[in-house]
Amino acid sequence: MAICPKCGLPEELCVCKEIKTTEGIFVSFDNRKYHKVVTIIDGIDKENIENTAREIKRRLGCGGTIREGNIIELQGDHKSKIEDILIKLGFPKEKMDVKDRPVRKERPPRKK
């Protein structure tokens, strides 16, 4: 059984050759309730999104979901790792745009 060097999957299950992006992949971050950060990946084709999301979540060891057809939301701040993982999955670096994490708003002090 041969293993694909890009994605690490067996060649029978490899999707590296099938991965297509029409415009580009946009990675951004959002703050949610209780100062939780969510990593948002947009621009992956609908045909490959389920396998891609599953593989990204497995490699990062985090939870996540698919929203609105082609948006992947991952729990946590994965800015340092997400670009390398997407490149290993076969997405071109030239079509990736990784935004900075939003600045956390400080709470006003409590009134006594």
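The values are calculated or read from the model by the stated rules, or taken from the named source; none is laboratory data. As the structure is a computational prediction, the values presented were derived from the model and not from experiment. Cβ sites come from the backbone with ideal geometry, for glycine too, and all protein chains shown count toward neighbours.
For segment 25-36, taking the residues that are farther than 19 Å from Met96 by Cβ and not basic (Lys, Arg), the one that is surrounded by the most Cβ atoms within 10 Å (Cβ to Cβ) is identified as Asn31. In this structure, does Lys99 turn out to be surrounded by fewer than 17 Cβ atoms within 10 Å (Cβ to Cβ), in contact with a Leu (Cβ under 8 Å, 6 or more places away or on another chain) and either under 29 Å from Glu11 (Cβ atoms) or in contact (Cβ under 8 Å) with a residue 40 or more places away in the chain (or both)? Judged against the criteria, Lys99 is not a match. Among the candidates Ile44, Ile72, the residue that is hydrophobic (A, V, I, L, M, F, W, C), out of contact with any Ser or Thr (no Cβ under 7 Å at 6 or more places or on another chain) and either crowded, with 16+ Cβ neighbours inside 10 Å or modelled with pLDDT under 85 (or both) is uniquely Ile72. Applying the condition of being among the acidic types (Asp, Glu) and touching a strand residue (DSSP E or B) at 6+ places or on another chain (Cβ under 9 Å) to segment 75-112 and asking which residue is modelled with the lowest pLDDT yields Asp100.
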